[in-house]
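Participant: Below is the structure I would like to discuss, written out as structure tokens.
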Amino acid sequence: MAGPLAETGMAGAAASFVEVADASLRYGGDQDGVLALREASLAIARGEFAAVVGPSGCGKSTLLKLIAGLNRPSAGRIRVGGADVVTPLKTIGMAFQNPLLLPWRTTLENLLLPLEIVRPHRHRIRNREDYGRYVAQARELLAEVGLDGVERRYPWELSGGMQQRVSLCRALIHKPEILLLDEPFGALDAFTREELWDALQTLWLEQHFTVLLVTHDLSEAVYLADSVHVMSARPGRVIFSSAIELPRPRTPEMRFGSTFVDYVHTLRAHIGRARGTT
């Protein structure tokens, strides 16, 4: 099946902001450990929305950890903004399938948590004037994702979709350069998930941060991303990369068009072949 996707060689792009170059990672350190990634390469331009798809256990989440600086590669290199990643980055935001909200903190308090940790915000937030500015920024973010007025509610007072919106806002509150998303909508019902696709797209179109989304949902990848990268079965490596040439903003109606459907079918075919790739 040819479809509209065509291999582009984007993994070798010269003007990349995020660059993964022949990165391998073996958990356990020795030859008996699990080889999660083998010579994986990926390039993402500044402000690009990229998605990674592939078989379960292929190392998609491991790739995010390497880019975030939470793990070091066993071989190869990770570069962000032209510099090697050797320690955890402070210029990233992360959101996961589980919202991971602290149950004893209100929505606002959960949202402000990164500012209490990340420099230079952790010093500024102690100042009353700066604190007021941060609170206003948090409320603005909540309003943008349809959560105006929930600042004083605790996580147990929020639905799953509302909690995930708070998690997304928390990942963006410190204005990161890169947003890393690990299946953030995977546990939600279809209608809520699609609502959050639009909320995320709106935030990205307004702020143009760089995004890397890990997902099993091929429609989600096509709907949100500028480029999609397919990984092989473990040990994972990127075996196919291509642009998604659909106009923005993406709309729900596009998902029923032939071009969108062809993208999804072609990705599915590549993943089917990836299951047998080593």
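Participant: Just one of 158, 168 is assigned by TED's automatic domain parsing to the domain that holds residue 113, in contact (Cβ under 8 Å) with a residue 24 or more places away in the chain and under 27 Å from residue 123 (Cα atoms); which is it? Step through it out loud before you land on a result.
Facilitator: Working: 158 fails: under 27 Å from residue 123 (Cα atoms).
Only one candidate passes the filter, namely 168.
Participant: Can I ask one more? Could you tell me which of the residues 21, 68, 83 is within 15 Å of the chain's Cα centre (by Cα) and either surrounded by fewer than 24 Cβ atoms within 10 Å (Cβ to Cβ) or modelled with pLDDT of 95 or more (or both)? Don't jump to the end; show me each part of the working.
Facilitator: On the way: 21 fails: within 15 Å of the chain's Cα centre (by Cα); 83 fails: within 15 Å of the chain's Cα centre (by Cα).
Just one listed residue meets the conditions, 68.
Participant: Let me ask something else about it. In the same structural domain as residue 39 (by TED's automatic domain parsing) and within 23 Å of residue 201 (Cα to Cα), is that true of residue 64?
Facilitator: On the way: in the same structural domain as residue 39 (by TED's automatic domain parsing): yes; within 23 Å of residue 201 (Cα to Cα): yes.
In short, yes.
Participant: I'd like the residue in the range 113-162 that is in a loop (DSSP other than H, G, I, E, B) and small (Gly, Ala, Ser) and, out of all such residues, is farthest from residue 196 (Cα to Cα). Let's see the steps before the verdict.
Facilitator: Residues of the range 113-162 that are in a loop (DSSP other than H, G, I, E, B), as a first pass: 117-120, 125-127, 145-154, 158-159.
Filter once more, keeping what is small (Gly, Ala, Ser): 146, 149, 159.
Numbers: 146: 10, 149: 18, 159: 13 Å.
The qualifying residue farthest from residue 196 (Cα to Cα) is 149.
Participant: Sticking with this one: Looking at (1) among the charged types (D, E, K, R); (2) farther than 22 Å from residue 45 by Cα; (3) part of a loop (DSSP other than H, G, I, E, B), which is the one condition that is false for residue 195?
Facilitator: (3)
Participant: Select from the range 247-275 the residues that are loosely packed, with under 14 Cβ neighbours inside 10 Å and either closer than 22 Å to residue 196 by Cβ or not assigned by TED's automatic domain parsing to the domain that holds residue 51 (or both) and list them in ascending order.
Facilitator: Residues satisfying the conditions are 247, 248, 249, 251, 252, 253, 256, 257.
Participant: Here are 184, 99, 88: which of them is assigned to a loop (DSSP other than H, G, I, E, B) and free of Cβ contacts under 8 Å to residues at least 24 places away in the same chain? Let's see the steps before the verdict.
Facilitator: Numbers: 184 fails: free of Cβ contacts under 8 Å to residues at least 24 places away in the same chain; 99 fails: free of Cβ contacts under 8 Å to residues at least 24 places away in the same chain.
The match here is 88.
The values are calculated or read from the model by the stated rules, or taken from the named source; none is laboratory data. These figures come from a predicted structure and were not determined experimentally. Reconstructed Cβ throughout: ideal geometry from the backbone, glycine too, with neighbour counts over all protein chains shown.
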